[in-house]
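These notes are about the structure you will find just below.
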Amino acid sequence: NKKEEKMKTFTVKKLAEISGVSVRTLHYYDQIGLLRPTVRTEKKYRLYGNDELLRLQQILFYRELDLSLKEIVDILDDPDYDLVEALIQHKSALLDRKKRISTLLQTIDATINNLKKGEIMKNPEELYSGFPKETGTTYRIEAVEKYGKEVI
């Protein structure tokens, strides 16, 4: 006779507390089908399990990469969605963003230094170093190519 391990669940309030996402946002995510609770109690309390915690993390990573909620739903609900592959892609995209932000900070420092010296940049292109040369991010393009048409 094997005892079943009780699944650990989190109330909407506790999930909001540990994730930094508001209760209102979690309710909205449930309403639009982005993040449904594992169970609803008889008193209609939302309880979230481990799968939902991981899904919320994915939602937050995709939001960090400026994807719309509709795009996120489409990606996460794709039958070919692979969590480990998605995490690898998130890491790559965030490293790219980190590099770009570092370059932007260097551009700011160089501009401040030149302005304090009363000089202008010898190479005007230096004023724009680190700014994206395209409107969409590489990550967005890759996601659209992998999961289908872009939703605006």
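Here are the numbers:
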read-out	value
Gain on full stretching of the segment that runs from Phe131 to Ser92 - 0.36 nm per residue minus C-alpha separation	12.2 nm
Shape category assigned to the range 12-58 from the gyration tensor of Cα positions, a/c cut at 1.5	rounded
Value in Å of the Kirkwood radius, where the range 1-128 supplies the Cα pairs that are averaged	18.0 Å
Label-to-label distance, nm, for residues given as Ala110 and Tyr28 (7 Å Cα→Cβ offset)	3.9 nm
Relative contact order (%) - criterion: Cα under 8 Å, at least six apart; region: the range 47-141	28 percent
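Here, each number is a calculation from the coordinates, and none is a lab measurement. Predicted model, so just to flag it, every value in this text is computed and none were measured. All Cβ positions, glycine included, derive from the backbone under ideal geometry; neighbour counts span all protein chains shown.
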